[in-house]
Amino acid sequence: MRRSTTDYATLAAQKTAKHLGQMVKNARLARGWTQESLAERARVSPATMNRLEQGGVNIALGTWLSAFERLGLLSKLDQLRDPVSEAILEGTKTKRPIRSKPSDLDF
């Protein structure tokens, strides 16, 4: 029996996928495009585009990126930042150790 994708996606992930799908739909409608024309531009099937706009969590990231790019929304994703992770990484960077002189002890 096939497992539903909502079985493993959290509610937060499902909500975010629906939000992104609505963004795609609104941008498409603002341009006067049909789902079929956007699907053709993004090089996916109309059925996949429909699932994407519905916020399907099983849509490949490449498909999302293609739709965002065709709608001129890709730069919105470039603006995403995670200052917490950046701060943690900055704090954990190791400095290069000072190279010591080789020991005279030869075993």
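The values are calculated or read from the model by the stated rules, or taken from the named source; none is laboratory data. What you see is a predicted model, and the numbers here were worked out from it, not measured in a lab. When we count neighbours, we look across all protein chains shown, and the Cβ atoms used for this are built from the backbone with ideal geometry, even at glycine. These area figures cover heavy atoms from the full protein model, side chains too; ligands, DNA and RNA do not enter into them. Shrake-Rupley method; radii C 1.70, N 1.55, O 1.52, S 1.80 Å.
So which residues in the stretch 27-40 are assigned to a helix (DSSP H, G or I) and surrounded by 14 or more Cβ atoms within 10 Å (Cβ to Cβ)? Across the stretch 27-40, the qualifying residues are Ala27, Arg28, Gln35, Ser37, Leu38, Ala39, Glu40.
Is at least one residue of the stretch 49-65 among the charged types (D, E, K, R) and at pLDDT 90 or above? Yes, because at least one residue in the stretch 49-65 is among the charged types (D, E, K, R) and at pLDDT 90 or above. If you go through the stretch 37-68 and keep only what is touching a residue at least 12 places away in the same chain (Cβ under 8 Å) and not hydrophobic (A, V, I, L, M, F, W, C), you end up with Arg41, Arg43, Thr48, Asn50, Glu53, Gln54, Gly55, Gly56, Asn58, Thr63, Ser66.
The numbered conditions (1) modelled with pLDDT of 95 or more; (2) in a helix (DSSP H, G or I) are all true for Ile88 except (1). Considering the conditions (1) under 21 Å from Lys76 (Cα atoms); (2) among the aliphatic types (A, V, I, L, M); (3) open to solvent by less than 100 Å² (accessible area, probe 1.4 Å), Val44 is excluded by exactly one of them, (1).
Counting only residues that are surrounded by 12 or more Cβ atoms within 10 Å (Cβ to Cβ) and in a loop (DSSP other than H, G, I, E, B), the stretch 7-26 holds 1 of them. For the stretch 66-78, filtered to residues that are open to solvent by 70 Å² or more (accessible area, probe 1.4 Å) and under 12 Å from the mean Cα position of the chain (by Cα), the residue that is modelled with the highest pLDDT is Lys76. Among residues that are among the polar types (S, T, N, Q), within 18 Å of Gln14 (Cβ to Cβ) and more than 17 Å from the chain's Cα centre (by Cα), Asn50 is included.
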